[in-house]
Amino acid sequence: MIFRILTSIKRWWRNHRWVDVRDNYIIPHKNTTFWLTNYSMELARKFKKDNPSRFYRYSFTPGPIGVCIKIEGNGTEQDITDYGSW
């Protein structure tokens, strides 16, 4: 029984990416690191203040030139991409 629990935790841990918003970076998963710009962090802080939630989800998708960033929380979603940095 304990082996099944540990195996499922290990599988879950390997398949998730973790965001450390205090230091503005994603903890590396397969040697991938993405740094948020100051503008994106300001938008994320404002979103969190306006939409208090227990959990927030960041989505990173490839865009035409760079990476597009969205934040979700409490059933709402906002684009926090810094298009000026492209």
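How far apart, in nm, are two points set 7 Å out from the Cα along the Cα-to-Cβ line at GLU72 and at SER85?
Computed distance between label sites GLU72 and SER85 equals 2.2 nm.
Counting Lys +1, Arg +1, Asp -1, Glu -1, what net charge surrounds ILE80 among other residues with beta carbon under 11 Å of its beta carbon?
-1
If each residue of separation counts as 0.36 nm, what is the full-extension length gain between SER53 and ILE65 once their alpha-carbon separation is subtracted?
Here the segment from SER53 to ILE65 would lengthen by 1.2 nm.
Values quoted throughout were computed directly from the atomic coordinates according to the rules given, and no laboratory measurement underlies them. Please read these numbers as outputs of a predicted model, since none were measured by experiment. Cβ sites come from the backbone with ideal geometry, for glycine too, and all protein chains shown count toward neighbours.
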